[in-house]
Amino acid sequence: MKTLKLHPLMTISLLQMQIQRLLHCNATVYIRHSLAGAFHTLRDAGLEENAMIEHPIDETLSLREFEEELEEKFNFSLELCNKDSKPFTNKSLRLFQITPCSEDEDGRQLDISLELLARQGGNRQDRAV
């Protein structure tokens with residue numbers, strides 16, 4: 001099962017890389033209905049959690065259902081896009097039906113970045129107690 005990992009200090013660009021690796025498409029993130037910059041964090045975009053969240057991806061959901069689920073659970077708006085970064089016009093398309101943007105997908109650097117965020121978040125919580 002594919003799992004989306006979210007952390008409040010994660011940048012939008014790191015989230016986009018994760019979406020590319022997991023769902024084989026691009027994503028656009030919005031902060032209060034404006035396009036988010038690559039270096040904004042998920043906290044800037046509305047994520048209210050203080051620790052790493054692991055969200056299982058149900059690939060039988062439609063694109064619309066997935067986008068709505070993320071908005072309801074995590075308070076940020078995301079739109080899945082094709083390889084040209086244009087929003088998909090068929091929002092009833094299922095996540096498992098998305099064809100890969102590229103064949104060479106190396107997620108190791110992404111995994112290292114997520115591990116660093118998890119440790120950094122844990123250290124902050126230890127200091128706060």
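I'd like the per residue volume of the convex hull spanned by the Cα atoms of region 6-101, given in cubic angstrom.
Details: hull volume 8.4 nm³, N = 96.
Once divided by residue count, the hull of region 6-101 is 88 Å³.
What does the extension gain come out to for Ser85 and Arg119, with contour length at 0.36 nm per residue minus their alpha carbon separation? Walk me through the numbers on the way to the answer.
Values: separation 34, 0.36 × 34 = 12.24 nm, distance 3.18 nm.
Value of the extension gain: 9.1 nm.
May I ask you to list the lysines whose Cα is less than 23 Å away from that of Lys2, ignoring any residue fewer than eight positions away on the same chain?
Lys73, Lys83, Lys91
Note the full-extension length gain between Glu68 and Ser13 as 0.36 nm times their separation in residues minus their Cα-Cα distance, in nm to one decimal. Walk me through the numbers before you get to the answer.
On the way: separation 55, 0.36 × 55 = 19.80 nm, distance 2.02 nm.
Taking Glu68 through Ser13 to full extension adds about 17.8 nm, to one decimal.
How much FRET efficiency would the formula 1/(1 + (r/R0)^6) give for Glu49 and Thr3, where r is the Cβ-Cβ distance and R0 is 22 Å, rounded to 0.05? Present the calculation step by step, with values, prior to reporting the outcome.
Working: r = 15 Å, r/R0 = 0.69.
With R0 = 22 Å, the Cβ-Cβ based efficiency is 0.90.
Can you pull out the GluC sites (Glu not before Pro) in region 1-84 that DSSP calls coil and that have at most 12 other Cβ atoms within 10 Å? Before the final figure, lay out each step's value.
Values: sites: Glu48, Glu49, Glu54, Glu59, Glu65, Glu67, Glu68, Glu69, Glu71, Glu72, Glu79; in loops: Glu48, Glu49, Glu59.
Passing both the DSSP loop test and the Cβ count: Glu48.
Since every read-out is calculated from the coordinates, none of them should be taken as a lab result. Source: prediction; values computed, not measured. Heads up, the Cβs are rebuilt from the backbone with ideal geometry, glycines too, and the neighbour counts pull from every protein chain shown.
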